[in-house]
Amino acid sequence: MYKRISSKNNKLIKLCKELYLPKKRKKTGQIIIEGYRMVYDAIINKVPVSDIIFNEETVGSERFQKIIASLDSNTNILLAADSCFKDISATVNSQGIIAIAHKPEADLSSGNLTQVLVINRVQDPGNLGTLIRTADAFGVDKILITKGSCDVYNPKTLRSTMSSVFNIPIIDNLDSEKCYSFLQEHEVPVIVTALANAQYTLPELPGLKKWAIVLGNEGHGVDSFWLDKASYSLHIPIRGQAESLNVAIAGGVIMYHLSCLKAHDML
């Protein structure tokens, strides 16, 4: 019923291994996804999935049946021998499900534009993934990622998003100038986090109907372009002895605060 893969020299096995490399993902527009939740959420969010590979232990399970039932006829279903599957798995305790999909499509002009997260040269995959997940949780409409940031579709980043990468429009590899011009065109004020000389502490920030919060590099913060263009600059007051907050934690605190202001405004 399903195609079987028994050799590590199989073309699809080789493609899976190559898709762990950014160069191959960029060239083909394809990404590799591992794990039941990630694969299932990609499918239900209409991400085009070309191939799904199961290991033999997964076949017949409830998760297997649920994914099979959600597929359309354009997806190839394959069963891989354990040795082949282990060769392409990037997790220690694999759930036995890997998919090859096309990168989700999004563009600047689509969707709402009242709450935007701009990610400026964030380097750590875990931080980027956590920011995407947090933005999804607090109702951000769109995520814009400038050049110099780490790859959204790095497997470590994908795992950190816990599938939120498929729930929210993300446009990556943007020039800061183009990103800013787009926000200006749509009259979205820019808020930056500043390491020094901020206009506001977070509690002092006025409520805004629209906003774009810019979060910067782990070591250097937001770059000078955004600092110069910002409508508002802020910092989070720190009561203890820590010198600063991790960018993903800071982003979560700010997005939570802005979402509370919005909810209060709607009452």
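The HN-Hα couplings worked out from phi for the range 148-158 by the Karplus form 6.51 cos²θ - 1.76 cosθ + 1.60 (θ = phi - 60°) are x, 7, 6, 6, 4, 9, 4, x, 5, 5, 4 Hz, whole numbers, x standing for Gly and Pro. DSSP assigns beta bridges within the chain; of those with both partners inside it, close to 30 percent run antiparallel. Rounded to the nearest Hz, the phi-derived 3J(HN,Hα) couplings of the range 186-199 under the Karplus curve 6.51 cos²θ - 1.76 cosθ + 1.60 (θ = phi - 60°) are 9, 6, 9, x, 9, 10, 10, 8, 10, 6, 8, 6, 6, 6, where x marks glycine and proline.
Here the simple spin-label model places points 7 Å from the Cα toward Cβ, and for residue 178 and residue 112 these points are separated by 2.6 nm. Using all alpha carbons of the range 3-102, what is the percent of pairwise distances in each 5 Å bin, ordered from the shortest bin to the longest? For the range 3-102, the pair-distance distribution reads 2, 13, 27, 27, 21, 8, 1, 0. Excluding same-chain neighbours fewer than eight residues apart, the lysines reachable from residue 229 by a Cα-Cα span under 27 Å are 142, 147, 178, 209, 210, 262.
Is any helix in the chain, taking whole DSSP H runs, at least 24 angstrom long along its axis by alpha carbon and on average at least -0.5 on the Kyte-Doolittle scale, and which ones? Span-like helices here: 247-266. Its residues counted as N, the range 147-267 yields a C-alpha radius of gyration over 2.2 N^0.38 Å of 1.11.
Wrap a convex hull around the Cα atoms of the chain, take a quarter of its surface area, and give that in square nanometres.
16.2
The range 59-95 and the range 118-134 have their alpha-carbon centroids 28 Å apart. Residues in the range 204-213 carry Karplus couplings, in order, of 7, 4, x, x, 10, 6, 10, 6, 10, 9 Hz; the curve used is 6.51 cos²θ - 1.76 cosθ + 1.60 with θ = phi - 60°, and Gly or Pro positions show x. List nothing, just return the count: lysine pairs in the range 1-85, 8 or more apart or interchain, with Cα separation under 25 Å. Within the range 1-85, the lysine pair count is 27.
Every number in this text was worked out from the coordinates using simple rules, so none of it is lab data. Source: prediction; values computed, not measured. All Cβ positions, even for glycine, are placed from backbone atoms using ideal geometry, and neighbour counts span all protein chains on display.
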